[in-house]
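One structure is given below, encoded as structure tokens.
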Amino acid sequence: MDVIQALTDAITTKNVLSSVESCRPYECDGLSAYREKPLAVALPDNVEQVKAVLRICKQYKVPVITRGSGTGLAGGTLPLKDGVVLGLSKLSEIIKIDPLQRIAVVQPGVRNIAVSQAVEKYGLYYAPDPSSQIACSIGGNVAENSGGVHCLKYGLTVHNVLSIKVLNMDGEESNFDEKDDGIDLLALMNGSEGLLGVIVEIKLKLLPKPEAAQLVMAAFHSVSDCADAVTSVLEQGIIPAGLEMMDKFSLMAAEEFAKVGYPTEAEALLLCEVDGSHAQVQTDAKRVADILSQKGAYKITVSQSEKERIALWQGRKNAFPAVGRFSPDYYCMDGTIPRNKLAFVLEEIDRLSGIYGLKVANVFHAGDGNLHPLILYDANKEGELQLTEKFGTEILNLCVDVGGTITGEHGVGVEKLNSMCHQYNTPELEIFHGIKAVFDDTGLLNPGKAVPTLHRCAEVGQMHVHNNQLPHPHLERF
Ligand SMILES: Cc1cc2nc3c(=O)[nH]c(=O)nc-3n(C[C@H](O)[C@H](O)[C@H](O)COP(=O)(O)OP(=O)(O)OC[C@H]3O[C@@H](n4cnc5c(N)ncnc54)[C@H](O)[C@@H]3O)c2cc1C
């Protein structure tokens with residue numbers, strides 16, 4: 001018997017796909033430049049079936065690539081041709097809502113926005129809000145430690161998850177809880193990208209909806225003034241509920257798409273949301289507007305109604321697809337830098353854009369220093385994807401060189417393996433491999449993702465030089 005037959009026997013024919021046509025939707029995630037047909041796709045109905053899939057894959061030594069909604073942007077769910085994609089979208093039950101304790105217990109396939117929709121009647125919501133929230137799953141959010149506009153004030157996924165249930169390749173269950181003593185294994189699982197276990201249940205923290213919120217939109221004639229204004233707002237002790245920046249190209253594309261009244265003559269736009277009690281919001285909105293105009297904003301708009309606030313966000317929330325209308329393809333990068341390096345890094349990206357001859361639109365969570373440069377390219381042009389990848393790697397390396405990191409929220413996946421070699425040295429990478437081995441001694445959970453092999457780092461020659469010492473000195477150079 002082969003693995004497909006064993007899976008079919010265990011979880012029924014309708015839950016196992018293996019033909020070229022039926023596997024097509026699973027051959028990539030949001031990083032669609034990379035594709036592979038998996039050996040099979042397993043779509044279990046319940047946790048018992050997930051356990052069966054894992055045990056069978058272990059028995060047949062077949063890799064397992066766990067998948068939520070497939071909106072990931074780093075190729076984390078890219079299949080292997082000899083691997084099984086374990087799709088969890090049918091595990092989409094909200095198991096429990098407790099408005100008094102302010103918690104929700106959900107299965108991993110529940111969509112992010114569905115949680116806030118389900119608890120709205122209690123005046124509650126789930127704070128982390130990736131722009132993909134209408135589609136992405138809570139399981140995927142935990143595996144990527146996803147962020148969003150509101151994470152500056154309310155924290156990333158890791159700060160809003162109270163406990164999880166995780167399966168290993170034997171189908172055995174472990175619980176990780178914020179109240180556990182010792183090493184914070186719950187935090188470790190947040191951002192583990194499907195390498196350490198399969199998350200099958202999540203307890204989420206819910207927050208009361210703020211009484212009021214107002215959005216301050218500020219237009220600048222210069223990108224560096226706008227970037228500097230970000231630091232000034234935070235230095236004044238204001239923690240905005242969202243602090244987002246767009247460069248000229250992005251705001252122009254967003255306006256053409258969403259028609260929300262963005263000033264298209266501006267070089268850069270800042271969106272700053274404050275929330276809290278009515279009185280606090282009024283005070284903070286005025287303080288923010290004053291700081292921004294002192295820092296050079298030539299036009300300031302403060303939302304006067306909930307309708308206007310939501311409308312002004314629509315441009316930002318649709319910025320990626322809006323930019324996508326200007327090019328056959330775009331590559332969305334994700335790096336994080338210290339906020340005081342924003343202006344410098346943007347200038348550098350602009351310089352590199354000239355050298356590579358590829359246009360870039362910059363959209364980012366400015367408050368967290370999390371950049372999302374979108375590199376526009378045409379995959380049908382010979383060599384342009386490779387050129388784009390090289391450009392993207394330079395941007396990520398730049399983030400590391402100014403004291404930042406190669407990912408803010410999209411994860412490493414297959415996309416940033418080479419940049420991991422730039423950020424981490426040999427002992428650090430060895431620790432990552434050691435942790436992987438403790439949780440998954442079979443090496444079958446999402447192999448080849450997130451943590452590069454030391455040989456790969458030696459081969460690409462992108463190594464973190466620590467204390468002036470060549471990393472991996474024992475490895476052959478290519
Ligand atoms: C238009 C657009 C906008 C986006 N905006 C944001 C944003 O603002 N912020 C942000 O953080 N991200 C954003 N993303 C990226 C993406 O939506 C997030 O990374 C999201 O959390 C992925 O969820 P998913 O269910 O689609 O996961 P998938 O893409 O299916 O999987 C992502 C990773 O998680 C692993 N995984 C999934 N489910 C599980 C599980 N149950 N157990 C173990 N491992 C699992 C997979 O193996 C893979 O490595 C955006 C994507 C798009 C397309």
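Where a number appears in this text, it was derived from the coordinates with a stated rule and is not lab data. This structure is a prediction, so every number in the text was calculated from the model and none was measured. Heads up, the Cβs are rebuilt from the backbone with ideal geometry, glycines too, and the neighbour counts pull from every protein chain shown.
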task = Select from Leu234, Ala218, Cys421 the residue farthest towards the positive end of the dipole of the chain; place +1 on Cβ of Lys and Arg, -1 on Cβ of Asp and Glu, and compute about the Cα centre.
result = Ala218
remark   = Once both label points are put 7 Å beyond Cα along the C-beta direction, the Phe326-Asp181 separation in nm becomes 5.7
request  = Could you please report the charge total around Pro130, scoring K, R as +1 and D, E as -1 over all other residues with beta-carbon less than 11 angstrom from its beta-carbon?
outcome  = -1
query = Peptides 93-101, 411-419: what's the order by average Cβ count within 10 Å, highest mean first?
reply = 411-419, 93-101
Rounded FRET efficiency, nearest 0.05, which uses the C-beta distance separating Asp98 from Gln280 and R0 of 25 Å = 0.35
task = Determine the relative contact order of the range 94-208: mean sequence separation of Cα pairs under 8 Å and six or more apart, normalised by residue count, in whole percent.
result = 32
inquiry  = Take the residue pairs Lys121/Lys205; Lys51/Lys165; Lys153/Lys299; Lys248/Lys416; Lys90/Lys179; Lys209/Lys299 and return only those whose Cα atoms are more than 18 Å apart.
reply    = Lys153/Lys299; Lys248/Lys416; Lys90/Lys179; Lys209/Lys299
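Can you tell me the relative contact order of the chain? Whole percent, Cα pairs under 8 Å, sequence separation 6 or more. If you can, show how the numbers build up before the last one.
Numbers: 1041 pairs, mean separation 64.9, N = 478.
It comes to 14 percent, rounded to a whole number.
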ask   = Extension gain Arg287-Ser22, at 0.36 nm per residue separation less the Cα-Cα distance, in nm?
value = 89.9 nm
key: Simple spin-label estimate for Asp2 and Thr405 in nanometres, 7 Å along Cα-Cβ   = 4.2
The range 319-382: GluC sites (Glu not before Pro) in DSSP coil with no more than 13 other Cβ atoms inside 10 Å = Glu382
query = Where nothing but the Cβ of Lys and Arg (+1) and of Asp and Glu (-1) is charged, how large is the charge dipole of the range 3-87 around its Cα centre, in debye to the nearest 20?
reply = 160
inquiry  = Using the Cα centre of the chain as the reference point, and only Cβ charges (+1 on K/R, -1 on D/E), how large is the resulting charge dipole? Debye, rounded to the nearest 20.
reply    = 720
ask   = Each label point is 7 Å from the Cα along the Cα-to-Cβ direction; what then is the distance between the points at Glu306 and Tyr60, in nm?
value = 5.2
Cysteines having no other Cys beta carbon under 4.7 Å from their own, within the chain = Cys23, Cys28, Cys57, Cys136, Cys151, Cys226, Cys272, Cys332, Cys399
message = Could you tell me the calculated FRET efficiency between Lys390 and Tyr122, based on Cβ-Cβ distance and R0 = 45 angstrom, to the nearest 0.05?
response = 0.35
query = Just how far, in whole angstrom, is the range 163-228 from the range 48-74 if you go by their alpha carbon centroids?
reply = 22
Cα centroid of the range 93-128 to Cα centroid of the range 1-19, whole Å = 33
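How much net charge surrounds Asp184 when only the other residues with a Cβ under 15 Å from the Cβ of Asp184 are counted, with Lys and Arg +1 and Asp and Glu -1? Display every interim value, and only then the final one.
On the way: positive: Lys179; negative: Asp177, Glu178, Asp180, Asp181.
With Lys, Arg at +1 and Asp, Glu at -1, the net is -3.
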message = Quick check for me: using +1 on Lys/Arg Cβ and -1 on Asp/Glu Cβ, what's the dipole size of the range 94-208 about its Cα centre, in debye to the nearest 20?
response = 580
key: Antiparallel bridge percentage (DSSP; both residues within the range 3-87; nearest 5)   = 20
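With a sphere of radius 12 Å drawn around the Cβ of Glu21, what net charge do the other residues whose Cβ falls strictly inside it have (Lys, Arg +1; Asp, Glu -1)?
Charge balance in the 12 Å sphere: +1.
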task = First measure r as the distance between the Cβ atoms of Ile435 and Ser174, then evaluate 1/(1 + (r/R0)^6) with R0 = 22 Å and state the FRET efficiency to the nearest 0.05.
result = 0.95
Mean residue ellipticity (222 nm) of the chain, computed from DSSP H runs ≥ 4 via -39,500 (n - 2.57), nearest 500 = -10500 deg cm²/dmol
note = With the 8 Å Cα cutoff and a minimum separation of six or more residues, the range 3-87 has a relative contact order in percent of 37
Neighbour-limited loop hits for trypsin sites (Lys or Arg not before Pro), the range 1-84 (at most 15 other Cβ within 10 Å; DSSP other than H, G, I, E, B) = Arg35, Lys61, Lys81
